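Values in this text are rule-based calculations from the coordinates and carry no lab data. If you're wondering where the values come from, they're calculated on a predicted model, not measured in any experiment. Methodologically, a virtual Cβ is constructed for each residue, glycine included, from the backbone with ideal geometry; neighbour enumeration extends over all protein chains shown.
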Amino acid sequence: MAKFKKHNKFDGIFLSGYKETQKIYTVNLDFNKSVYGEKLLLDGDLQYREWNPFRSKLCAAIKCNARKIFINPSSKVLYLGASSGTTVSHVSDIVTKGIIYAIEFSSRSLRELVQNSVDRQNVIPILGDANQPHEYLKFITGAIDIIYMDVAQPNQSEILIKNAKMYLKPGVGKFIYTVKSRSIDSIASPKEIFAKEIKTLEENGLMVTDNVNITSFQTDHVVLFGRYQGL
Ligand SMILES: C[S@@+](CC[C@H](N)C(=O)[O-])C[C@H]1O[C@@H](n2cnc3c(N)ncnc32)[C@H](O)[C@@H]1O
């Protein structure tokens, strides 16, 4: 039977196995439900869900040695680009005392997200366009601790900036931003695109504190972690 140990840096995340074969897990909040075909493993009273870094950029960033992921059991997360809820479900396992406002603009993906999170009380699926942050203001109560953004759109830094200005407290709020260079420009080099994205964020008060290259799991992607300083 697999032996699970707590991750030495991140609350709510567990490891099993050694070196190359080591896998990442969260504890299933929705017993016996597998969201995207991931393995479920019992250990005592707890059921662990294998977190696949090829399916989730946050997991890939953890595998690629992200220094901090900001998300902890009490976090209030605004998740932009929730899709059917693959990564949302693992974040939901972690934020057992927090909440996730999960924004998705495709009604088909939202339907799947609703089905996948019907028994997850900490997930609020919202049909909305992340370009229009005021659209979902009425669903959100209290301050947001972290914006997680994975929308794969050419204007994604603009989307993050708008949402940060509206929902994050300057000096306190954090962001996690997955950047796929080819969503922004299919011709320029990924290195140039990532540097330009970071510059644009910093000019708008979003300070990048960690830049994690996850190309070994998702081609031409980085995950940027940082803090909203305000202007
Ligand atoms: C790469 S997928 C997200 C995968 C998901 N974050 C995960 O890891 O499980 C990008 C998603 O963003 C959604 N999206 C793109 N633009 C959006 C927008 N302006 N507002 C809301 N959702 C958007 C797409 O419909 C798609 O489901």
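Report the full-extension gain for the segment ASN8 to SER107: residue separation times 0.36 nm, less the Cα-Cα distance, to one decimal in nm. Walk me through the intermediate numbers first.
Values: separation 99, 0.36 × 99 = 35.64 nm, distance 3.84 nm.
31.8 nm is the gain from fully extending ASN8 to SER107.
Could you sort the peptides 182-188, 109-115, 142-148 by per-residue average Cβ neighbour count (10 Å cutoff), highest mean leading?
By packing density, highest mean first, the sequence is 142-148, 109-115, 182-188.
Working out 0.36 nm times the residue gap between GLN229 and GLU20, then minus their Cα-Cα distance, what length gain in nm do you get to one decimal?
Taking 0.36 nm per residue and subtracting the Cα distance, the gain is 71.5 nm.
Where does the chain land at 222 nm, in deg cm²/dmol rounded to the nearest 500, when only DSSP H runs of n ≥ 4 count, each adding -39500 (n - 2.57), divided by all residues?
Dividing the helical sum by the residues of the chain leaves -7000 deg cm²/dmol.
I'm a student and want to see the number: the projected area of the Cα convex hull of the chain, averaged over all directions, in nm².
Dividing the Cα hull surface by four gives the mean projection, 12.2 nm².
Along each of the three principal axes of the Cα atoms of segment 129-231, give the extent in whole Å, ordering the values from largest to smallest.
Principal extents (Cα only, largest first): 39, 26, 24 Å.
Note the direction-averaged projected area, equal to a quarter of the hull surface, for the Cα convex hull of segment 5-52, in nm².
3.6
So what are the ³J(HN,Hα) numbers for segment 65-82, from phi and the Karplus equation (6.51, -1.76, 1.60; θ = phi - 60°), rounded to whole Hz, Gly and Pro as x?
So the Karplus estimates, Gly and Pro as x, are 6, 4, 6, 9, 10, 6, 6, 9, x, 9, 5, 9, 10, 9, 9, 9, x, 6 Hz.
Test of understanding: ordering MET166, MET207 by Cβ neighbours within 10 Å, fewest first, what list do you get?
On the way: MET166 15, MET207 12.
So the residues, fewest neighbours to most, are MET207, MET166.
What spacing in nm lies between the two simple spin-label points modelled at ASN32 and GLU202, each 7 Å away from Cα in the Cβ direction?
5.3
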